Each structure stands twice: as C-alpha cells, then as structure tokens.
Amino acid sequence: MELDLVLLSRAQFALTIMFHYLFPPLSIGLGLNMVIMEGLWMKTGERRYEAMARFWTRIFAVNFAVGVASGIVMEFQFGTNWSTYSRFVGDVFGSALAAEGIFAFFLESGFLAVLVFGWDRVGRRMHFFATSMVFLGSVFSSVWIVIASSWMHTPAGHVLVEHDGAMRAEVVDFWAMVFNPSSMHRLGHVLLGAFILGGFFVMSISAWYVLQRRHDDFAKRSFVIGLIVASLASWGELVSGHAQAQMVAEHQPAKIAAFEGHFESKNEPTGLWLFGWPDEEAQEVRYGLEIPGLLTFLVHSDFETPVPGLDQIPREDRPPVVIPFLTYHVMIALGTAFIGLTTLAGFLLWRKKLFEQRWLLWVFVVAVIGPYVANQAGWIATEVGRQPWVVYGLLRTEDAVSKVVPTEQVLSSLILFSIAYASLFALWVYVINEKIRHGPPEPDVDATDNVGLLAAAIGARRDNASLTASHRGEEEA
C-alpha cells in the first residue's frame, strides 16, 4: 500500500499537538486556582491556605515541566514537514510568536523560580505577585498562540506577496491580524475550557481525599474553590460557544454545515441534530434526533432564515463531515454535563449535603476525564472542519507539506514520537500520582520541591526560545 505523505504529516502533527495540549490547559486552569488560594492566604492569614497553595504548586510544577518538553517538537515540524506552509505564514507567525516571547516567556521564566522555590525566601506579597505573574504569563502565551491559529481560520491584516517564485502572506496591519474575526471568540472559548479543566482537576483529587477520609479540611476547601471556578467557567462556556458558533456560521459556512451534518439547503428553517451518524455518501444523518428550526434560531436569532448547506459549497472545498460532526457533538454534550454536575454540586453545597453524597464524589473523581476529552474534541472539530484549507481560502493543506521529506521518514518519526510520548505520559502519571499519595504538607512544613524538574523546565524554555530566534534569523537570511 502506497503511503500518503499529506496524511502522515497531518497525523504526526495531530499526535504532537494533541499530546502537548494535555498540559497547557491544566497549567492555566490550575494557575487560576492557585492565585485564588494564595489570595485567601493573603486575606485571612490562615496557614491552611498556604499549605493548599503549596500542594497545588507541586502539581503545577510537574505539569509545566512536561508541557514544555512536549511542546519543543512542534517548533521543528514547521520547518521539516511543513516548509511550504512555514514560508507562507512566516511573517504572520513570526510577529505573533515574537510577541509571545516578549509578553509571556519573560513573565513565566522570571517568576517561575520564585513561585516554586520562594516560599520561605520571599514575603507573602511577593510570592502572591509571582504566582499571579506566572498565571498571567500562561494566559499571555495562550493569547498569542490562539491569535496565530485564528488567523489561519479568518486571515486579516495581510497582503499576498510573491517571494522567490512562491506566495507568502505579509502583515500590513498588525492589529487587524491580532483582532481577526475569530481570535477573541476563540480565545475566550479556549481560556474558559482551561478553567473548567483546572476546576475539575482540583475537584477530582479533593473528592478522592474526602472519600479516603484523608486531609479532610484541605480537601473540602480545595473542592469548593475548584467547584466555583468550574461552575462559573462552564456557564461562561455556554455563552462563549454560542457566540463562536455564530461567528463560524458567518465566516466559515462550510464548517458550521459539517458540524451540524447539514448537507442539503432548503427554503425553510434549518433544524439542529442532537445526535446521529452522518452518512456522507447518502448525504444524510442516520439514527439521529433533529429539533426543527433550532439551528436557524441559534445562528440568526429568528425562525425564518435558512442556514446554507454543504451543497452550496464547491465539492473540492468541502470539509469531511463525520469527524467534525461527532467531535463537535461530543464537546457540546460534555459541556452540558459540566453545567449539570457543577450546578447539582453547588445546590448540595448550599444545602450542606455535598460531602455526604459519596456517589457524587466518585463521579467527580472520574469526571476530570471529561474536560480533557472536551478540549481535545473542540480542537479536532475546529481543525478538521477547516479542511481542505490550512490557511482558509488561501493555502490548501495538500500544497503546504514539504515535498522533499520521504514518506518513510515521516512514518518512522511518527512511530518514534508515539513511543516517546507514551513514555513521557507514563512518567507524568507516575509523578502526579506520587504527589497525590504524598498529600498536602502540614501548614508549618516547607513544601518547596521539584527543584530538578523546574530547573529543567526553565532551561528547556530558554533553549526553546533561543532555537526559535535562531530559526527566525535563518528564515530571514
């Protein structure tokens, strides 16, 4: 069987970015929880909040280190597997990633050591400031990455220029590029998804401690903080998701049609499928349940305007339907479940019966899997739904790959990356499990650890920035 270079290159990039994306959302979401916990320590002076912040800092340190290590590979893939794409977007991505280095890297690197090693070396105010800056740095990092990704969906602020016989996009309006039509919608959605994951992660471990009757006061207080964060973010995600869907319908009609399995345009209000299986050959959704007119209402806020179907899109420009449809609906279903779970838990907490419901605590122990799946499913739906374009309307995916890299090398590297990432994930699970088994420190015990991990993470982050700068210099030369 002949190997497909484009398919293998896409599979390799999907593997690396999906694995890497297990870690940044948790760093962002856990960072917010840590800021709240340290803020409570600052306000109340209670050492229990200090011990709480120390414990979650340990988890944060491990996650941050693995996230840095897993993200380095992606820098090189642009130049190896996607050289045509790199030349096309180099000016746009160069400015966005340079801004990430200026606004995010220095905040994270400058204050990370203070966050982890400074518990007994700096004052409370300084340590709280360092925690806030590391959290803010992780948010800024996501801002510029999301802006670069969003530009690929809704390009703006650029002109196409021929350079050495090939076209490339050059930025003529930096702020139009930054505030392209989808960037702020997508940014809000991504950050809220990270906050949901952070809240559910805290609740999962805290619920486990309550069930095991260990660290009871610590666990219950941590659970409540995680519940508040996850609950507010889940309701916020509902609003954000609706706004983003309207934006997609306006700027990427083929994608919204694929999300909803809307094959045939009709001169009537368009229904919304709650579930089903899209049959691309028959151009219909099988085994599903449709609510008449609901898609029209959600997109246009009326019950009259039809939503265009895939039959309005040239066949060569249509995305695949099965993967976007299924992952989009998985994301929506999980988001609804998050709202239901957190609302139920909040009601029981108000009634002072939450921690008596052992069945519900067990649900929260395993429910942390949900935000991981939802974050991955959302990105899969977004990226596959953009096909066959890598830069929407400007550059096709099949034209973006490196033509000189043999398919056999892409396959072998894909296999090796799979093995390496499986080992790294196993290490992450092992170390996190050890931290959980050890439990939180006593309020008067120094909890500073992870020296080796954080030193390696800071060094890797610095080396990654140097490599990126070197790569940009070579490209400009």
> In the range 50-60, what count of residues is obtained for those that are in contact with a Leu (Cβ under 7 Å, 6 or more places away or on another chain) and surrounded by 24 or more Cβ atoms within 10 Å (Cβ to Cβ)?
Replying inline: 3
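Out of contact with any Lys or Arg (no Cβ under 7 Å at 6 or more places or on another chain), outside any loop (DSSP other than H, G, I, E, B) and modelled with pLDDT of 90 or more: does that describe Arg125? Write out each step before concluding.
Numbers: out of contact with any Lys or Arg (no Cβ under 7 Å at 6 or more places or on another chain): yes; outside any loop (DSSP other than H, G, I, E, B): yes; modelled with pLDDT of 90 or more: no.
The answer is no for Arg125.
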>> For Ser138, only one of the following conditions fails: (1) within 23 Å of the chain's Cα centre (by Cα); (2) surrounded by fewer than 19 Cβ atoms within 10 Å (Cβ to Cβ); (3) closer than 19 Å to Asn63 by Cα. What is its number?
In response: (2)
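Of the residues Thr407, Thr397, which single one is within 22 Å of Gln77 (Cα to Cα), surrounded by 13 or more Cβ atoms within 10 Å (Cβ to Cβ) and either modelled with pLDDT of 95 or more or more than 24 Å from the chain's Cα centre (by Cα) (or both)? Break it down stepwise before answering.
Details: Thr397 fails: either modelled with pLDDT of 95 or more or more than 24 Å from the chain's Cα centre (by Cα) (or both).
One residue alone meets the criteria, Thr407.
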>> Need the failing condition index for Gly393 against (1) touching a Lys or Arg at 6+ places or on another chain (Cβ under 8 Å); (2) on the phi > 0 side of the Ramachandran plot, just the number.
In response: (1)
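Going through Leu40, Leu26, Leu7, Leu22 one at a time, which residue ends up being assigned to a helix (DSSP H, G or I) and under 21 Å from Ile369 (Cβ atoms)? So that I can check it myself, show each step before the final result.
On the way: Leu40 fails: under 21 Å from Ile369 (Cβ atoms); Leu7 fails: under 21 Å from Ile369 (Cβ atoms); Leu22 fails: assigned to a helix (DSSP H, G or I).
That would be Leu26, the only listed residue that is assigned to a helix (DSSP H, G or I) and under 21 Å from Ile369 (Cβ atoms).
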> Residues Thr342, Thr327: which one is more than 29 Å from Ala148 (Cβ to Cβ) and not hydrophobic (A, V, I, L, M, F, W, C)?
Replying inline: Thr342
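Can we say Val307 is touching a helix residue (DSSP H, G or I) at 6+ places or on another chain (Cβ under 6 Å) and closer than 22 Å to Ala377 by Cα?
Values: touching a helix residue (DSSP H, G or I) at 6+ places or on another chain (Cβ under 6 Å): yes; closer than 22 Å to Ala377 by Cα: no.
Taking the combined requirement at face value, the residue does not satisfy it.
Within the range 296-313, can one find any residue that is assigned to a loop (DSSP other than H, G, I, E, B), among the polar types (S, T, N, Q) and farther than 25 Å from Val363 by Cβ? Let's see the steps before the verdict.
First, pick out the residues of the range 296-313 that are assigned to a loop (DSSP other than H, G, I, E, B): 301-309, 313.
Next cut, among the polar types (S, T, N, Q) only: 301, 305.
Narrowing the set further to residues that are farther than 25 Å from Val363 by Cβ leaves 301, 305.
Yes: the range 296-313 contains one or more residues that are assigned to a loop (DSSP other than H, G, I, E, B), among the polar types (S, T, N, Q) and farther than 25 Å from Val363 by Cβ.
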>> Among the residues of the range 323-344, are any touching a Pro at 6+ places or on another chain (Cβ under 7 Å) and either modelled with pLDDT under 90 or part of a loop (DSSP other than H, G, I, E, B) (or both)?
In response: no
>> Quick test of your reading of the structure: Val73 fulfils all but one of (1) surrounded by fewer than 21 Cβ atoms within 10 Å (Cβ to Cβ); (2) modelled with pLDDT of 80 or more; (3) among the hydrophobic types (A, V, I, L, M, F, W, C). Name the failing condition by number.
In response: (2)
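Criterion first (on the phi < 0 side of the Ramachandran plot and surrounded by 14 or more Cβ atoms within 10 Å (Cβ to Cβ)) does Pro292 satisfy it?
Working: on the phi < 0 side of the Ramachandran plot: yes; surrounded by 14 or more Cβ atoms within 10 Å (Cβ to Cβ): no.
The answer is no for Pro292.
If you scan the range 300-335, which residues turn out to be charged (D, E, K, R) and either in contact with a Phe, Trp or Tyr (Cβ under 9 Å, 6 or more places away or on another chain) or free of Cβ contacts under 8 Å to residues at least 24 places away in the same chain (or both)? Reasoning before the result, please.
As a first pass, look at the range 300-335 and keep what is charged (D, E, K, R): 302, 304, 311, 315-318.
Within the range 300-335, Asp302, Asp311, Arg315, Asp317 qualify.
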> Just a yes or no: is a residue in the range 102-111 surrounded by fewer than 22 Cβ atoms within 10 Å (Cβ to Cβ), in contact (Cβ under 8 Å) with a residue 60 or more places away in the chain and of a type in the set (A, V, I, L, M)?
Replying inline: no
> If Gly39 satisfies every condition in (1) farther than 29 Å from Trp175 by Cα; (2) buried (at least 21 other Cβ atoms within 10 Å of the Cβ); (3) out of contact with any Pro (no Cβ under 8 Å at 6 or more places or on another chain) but one, which is the exception?
Replying inline: (2)
> Of the residues that make up the range 93-110, is at least one over 16 Å from Ser141 (Cα atoms) and part of a helix (DSSP H, G or I)?
Replying inline: no
>> Just to verify a result, which residue in the range 151-166, among those that are assigned to a loop (DSSP other than H, G, I, E, B) and touching a strand residue (DSSP E or B) at 6+ places or on another chain (Cβ under 8 Å), is farthest from Gly378 (Cα to Cα)?
In response: Gly157
> If the Cβ limit is 7 Å and pairs must be 6+ apart or interchain, which residue in the range 272-299 that is more than 18 Å from Val239 (Cα to Cα) pairs with which residue that is loosely packed, with under 15 Cβ neighbours inside 10 Å and of a type in the set (Ser, Thr, Tyr)?
Replying inline: Gly276/Tyr287; Trp277/Tyr287
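The values are calculated or read from the model by the stated rules, or taken from the named source; none is laboratory data. It should be emphasised that the depicted structure is a prediction, and the values quoted were computed from it without experimental measurement. Glycine gets a Cβ as well: all are built from the backbone with ideal geometry, and neighbour counts include every protein chain shown.
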